[in-house]
Amino acid sequence: MLALVSIGTSPGLPGLIGLLALSGMVVTDANALLSLVEESCREGRDARTAVIEGGRRLRPLLTTPVVTTLALIPTTLGVGGRGGFLSTSPAAIVPLPCGRLVARQRSDGRGRVTGTTRGGPVAKQAPKKPRAASKTAAKDKARTAAELERLTPRKLTREQLIEALNDDLAWEYQALIQYVQHAAAISGAQYDAIKAELIVHSNEEHAHAVSLADQIDFLGGVPGVDVYEAHISPDADKMLEQDLDGELDAITRYRERIAQAEMLQEYGLRRALEDILIIEEEHARDLQDALGL
């Protein structure tokens, strides 16, 4: 917008639409990057390493706003003709993969240890002698393999995915009921703010249930009405611990479900599940703060 004003051109409707679209993309990308950094912290990495690893994911996050910006420049300036955004999109999309290909080829050329360069042949590096694996390294390797086996998502058919989503729906019903009961039963002046937060959580769990039911119906299934048993307690901290256990379980399930949706190329479902996962992670952080964890 500042660039348009500086050249004496007033922003038109396409420019305003583009500004709104880019604003939404910035918020979405920032939330996604924050989730990546926090996930790395929960996996045991220090803050600096988590931020660096999150920064490595900036390239795919920035692709959409960059393409949109490039495609909207001619349209905003009024030089796109009747084709408008559609006529300028190829000019924005095509250079990106081409530039990425050139950069990758140059990177591969720098990384080789054999072959030739402009200065002549490159000498082969002497292979490093393998070090004897210690017992600790062997245990770590076995533990890593076990964790990978546990975390590797099961590949499901569409029917099995619908069944798994109905199971998730039953847990959302349970979370909704449990939050409502805990919000009503928790007492004490020190829990007033937490009580209000639990009510917010219950409303968001209701929204998750509605979203899951819509996705199940879209996939050709029938949303279920089964409900898992809610957990209650007369002790306030125990209530919060029960809620936290449920959120941590939901985070694990939705991460697996997102990968399964990706395998079946159900990208709309994947996006809906990603939105649910972000909220569930926020719930878990709220409860951990309330418990002083």
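The values are calculated or read from the model by the stated rules, or taken from the named source; none is laboratory data. Just so you know, these numbers come straight off a predicted model, no measurement behind them. Virtual Cβ from ideal backbone geometry, glycine too; neighbours counted across all protein chains shown.
Things worth noting here:
- Pairs, first without any contact (Cβ under 8 Å) to a residue 40 or more places away in the chain in the range 185-213, second among the small types (Gly, Ala, Ser), C-beta under 7 Å, six or more apart: Lys195/Ala183; Ile199/Ala183; Ser202/Ala183; Glu205/Ala175
- Residue in the range 175-227 that is modelled with the highest pLDDT, counting only those that are farther than 25 Å from Leu165 by Cβ and in contact with an Asp or Glu (Cβ under 7 Å, 6 or more places away or on another chain): His182
- When Gln260 is tested against the conditions (1) in a loop (DSSP other than H, G, I, E, B); (2) buried (at least 19 other Cβ atoms within 10 Å of the Cβ), the lone failure is (1).
- For Ala250, the requirement of being part of a helix (DSSP H, G or I) and within 23 Å of Leu156 (Cα to Cα) is met.
- Of all residues in the range 156-172 being in contact (Cβ under 8 Å) with a residue 60 or more places away in the chain and aliphatic (A, V, I, L, M), the one that is nearest to His208 (Cα to Cα): Leu165
For every residue, the table says whether it meets (1) of a type outside the set (S, T, N, Q); (2) surrounded by fewer than 18 Cβ atoms within 10 Å (Cβ to Cβ).
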{"position": "Ala185", "(1), (2)": "yes, yes"}
{"position": "Gln190", "(1), (2)": "no, yes"}
{"position": "Leu198", "(1), (2)": "yes, no"}
{"position": "His201", "(1), (2)": "yes, no"}
{"position": "Ala207", "(1), (2)": "yes, yes"}
{"position": "Val210", "(1), (2)": "yes, yes"}
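- Positions within the range 263-292 being out of contact with any helix residue (DSSP H, G or I) (no Cβ under 7 Å at 6 or more places or on another chain), assigned to a loop (DSSP other than H, G, I, E, B) and touching a residue at least 24 places away in the same chain (Cβ under 8 Å), in sequence order: Glu266
- Test result for Ile194, of a type in the set (Val, Ile, Thr) and assigned to a helix (DSSP H, G or I): yes
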